[in-house]
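One structure is given here, and the rest of the page talks about it.
The values are calculated or read from the model by the stated rules, or taken from the named source; none is laboratory data. Worth saying up front: this structure is predicted, and the values here are computed from it rather than measured. Here the Cβ positions follow ideal geometry from the backbone for every residue, glycine too, while neighbour counts run over all protein chains shown. Accessible surface areas use protein heavy atoms only, side chains included; no ligands, DNA or RNA. Shrake-Rupley method; radii C 1.70, N 1.55, O 1.52, S 1.80 Å.
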Amino acid sequence: MDADLAPAAIRVLVFGAALRTDSTNARLASLAAGLVADSGAEVDLARMRDFAMPLYDGDVEDAEGLPPGALALSERIRQCHAFVISSPEYNASVPGPLKNAIDWVSRVRPQPFKTKHALLLSSSPSMIGGNRGLWALRVPLEHLGTRVYPDMFSLPRAHEGFTDDGRLAHPGAQEQLAETVSGFMRLVCADVRFVCLHRRWYEFPGDRTDAPVTQRVED
């Protein structure tokens, strides 16, 4: 953890990863933010639209540096102990804007994903709730050293999945989400407050050359 983060003040970035204004993933992120706040943590709620950035292009990076949106998102991640992403699923995989944001932010040094805890959520009109996209999303995050929580939550038939007051329409789904968030926050609290539990996580030990483009979780 960053030295300027006080162990007693747990801060969590909750990120709705859809661009659409009326996205069910924005609603799911808002609901998760409330559950995180109930655990006593400080919540930073954000949306993809807060961080505009072009498609990643190494030539653009060389000529202009990192875009302001990527730097802003990197700073928000740096300031938290953990983050929650609620992501849609595009063609059974990660949405392009989210993957693009991860690619840009990974170019920041030191890159901010390393050692952060992450919880992945999704909602979708489909019967599997966007779960395939979450499995794909784990790959770049774990590659960058993020400690992705084993349990994930996916809301199927999301277009009819919310009540007017923002809760989940199915009581079982609401209970499952609450239990998932609660378990995640217990792990984050233990890691932040009990330093004896800290570990170095490397997804690919020794998988590195001297070429900057191949530097991975060690940086």
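Looking at the structure I just gave you, is Ala70 of a type in the set (Gly, Ala, Ser), at pLDDT 95 or above and in contact with a strand residue (DSSP E or B) (Cβ under 6 Å, 6 or more places away or on another chain)?
Criteria not met by Ala70.
Can you tell me which of Ala70, Ala52 is surrounded by 23 or more Cβ atoms within 10 Å (Cβ to Cβ) and under 26 Å from Arg11 (Cα atoms)?
Step by step, each of Ala70, Ala52 is checked, and only Ala70 is surrounded by 23 or more Cβ atoms within 10 Å (Cβ to Cβ) and under 26 Å from Arg11 (Cα atoms).
Just to be sure, is Ala178 touching a helix residue (DSSP H, G or I) at 6+ places or on another chain (Cβ under 7 Å) and either part of a helix (DSSP H, G or I) or surrounded by fewer than 16 Cβ atoms within 10 Å (Cβ to Cβ) (or both)?
It is true that Ala178 is touching a helix residue (DSSP H, G or I) at 6+ places or on another chain (Cβ under 7 Å) and either part of a helix (DSSP H, G or I) or surrounded by fewer than 16 Cβ atoms within 10 Å (Cβ to Cβ) (or both).
So, of the residues in the stretch 108-132 that are crowded, with 18+ Cβ neighbours inside 10 Å and over 13 Å from the mean Cα position of the chain (by Cα), which turns out to be farthest from Phe184 (Cα to Cα)?
Val108
Identify all residues within the stretch 93-141 that are of a type in the set (S, T, N, Q) and farther than 23 Å from Asp151 by Cβ; write none if there are none.
Asn100, Ser106, Gln111
Kindly list the number of the only condition in (1) in a helix (DSSP H, G or I); (2) under 23 Å from Arg138 (Cβ atoms); (3) touching a strand residue (DSSP E or B) at 6+ places or on another chain (Cβ under 9 Å) that fails for Ala37.
(2)
Give the residues of the stretch 42-96 that are of a type in the set (Val, Ile, Thr), in contact with a Pro (Cβ under 8 Å, 6 or more places away or on another chain) and part of a strand (DSSP E or B), sorted by residue number.
Selection gives nothing.
Just the residues that are closer than 15 Å to Val84 by Cβ and open to solvent by 50 Å² or more (accessible area, probe 1.4 Å), please, taken from the stretch 148-175.
Pro150, Asp151
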